[in-house]
Each structure stands twice: as C-alpha cells, then as structure tokens.
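Notes to accompany the following structure.
The values are calculated or read from the model by the stated rules, or taken from the named source; none is laboratory data. This one's a predicted model, so the numbers in the text were calculated from it and none came from an experiment. Virtual Cβ from ideal backbone geometry, glycine too; neighbours counted across all protein chains shown. When the accessible area is computed, the model is the full protein with side chains, heavy atoms only, and any ligands, DNA or RNA have been set aside. Shrake-Rupley method; radii C 1.70, N 1.55, O 1.52, S 1.80 Å.
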Amino acid sequence: MIGSIVGENGYIDYSEEVVANIVGLSTMECYGVVGMASKNAKDGFWELIKGENLSRGVKIRSKDNELMIELYIILEYGTKISVIANNIIQRIKYNVENYTGLKVSTITVNVQGVRV
C-alpha cells in the first residue's frame, strides 16, 4: 500500500503498482517520449519498455500520504529535453492527484537515453 484516503464511507488504499501504471501511461501520452527505461540487472544496461509493463520504469515512495515519484525515460532525438520533462511533470502531477486524490510532493525525471 503506497497511500490511502479516508472518506465518509471508509478507506481507499492504493497499491504501488496502480499508481505506477497511472504514471507510466501519463508519461507515454507526452510528445517526444519513446518509452520507459528499465535497468537490466544481469547486464547493467538500460532497456526500452514500450507498452508491456510501463510501471517497471517508475519508482514510488510515500511519506505522510505524499508521493515521491522517480521515473526513467528514453526520449526522441531532436526534442528539447527540458520542455518535455516539464510537460511530463505537469501531466503526472495532474493525473495522479485527479485520479487518486493523493498528493504528489516531488517528481524526478531521469532521461536514460535518446533514440533516433
């Protein structure tokens, strides 16, 4: 359980994978993102994740019902990294807070590569 909300009728608990899938899908909607990146443990290389399991490129921590999100992405060559990263941060913050009601405190975007 990464976070919970107390309502008038009971509790809503969110697992880490649910929030990570929201983050992954929100990231893939942004222009210039080729895919998420996941570290291959045996080789130490970063591999591209397109659509099969987007939550593998996302790490989420929770403290006092506030989320700290870290994601690893691969971008398209020729795009401005700062603009895309800012767009990703805004979209993730909006979608996670809108869909779940949990507060997002920090989002860290790690660009692991550029694809042509």
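Can you tell me how region 64-116 classifies by the Cα gyration tensor, rounded, prolate or oblate, using a/c under 1.5 as the rounded cut? Prolate is the answer for region 64-116, as a/c is 1.5 or above and a/b outweighs b/c.
Placing dummy labels 7 Å off each Cα toward the beta-carbon, the span from Asp13 to Arg56 is 2.7 nm.
Counting only Cβ charges, +1 for Lys and Arg and -1 for Asp and Glu, the dipole size of the chain around its Cα centre is about 400 debye. Measuring with a 1.4 angstrom probe and ignoring ligands and nucleic acids, Leu75 comes out at about 0 Å² accessible. Ellipsoid semi-axes for the chain, based on the Cα gyration tensor and the rule √(5λ), read 27, 16, 11 Å when sorted largest first. Fully extending the segment from Glu97 to Val114, taken as 0.36 nm per residue of separation minus the present Cα-Cα distance, adds 3.2 nm. The lysine pair tally for the chain, using Cα distances under 19 Å and a gap of 8 or more places or different chains, is 8. Here the extension length gained between Ser4 and Ser82 equals 24.9 nm, from 0.36 nm per residue of separation less the Cα-Cα distance.
When the surface is traced with a 1.4 Å probe over the full set of protein chains, Lys59 keeps roughly 120 Å² accessible.
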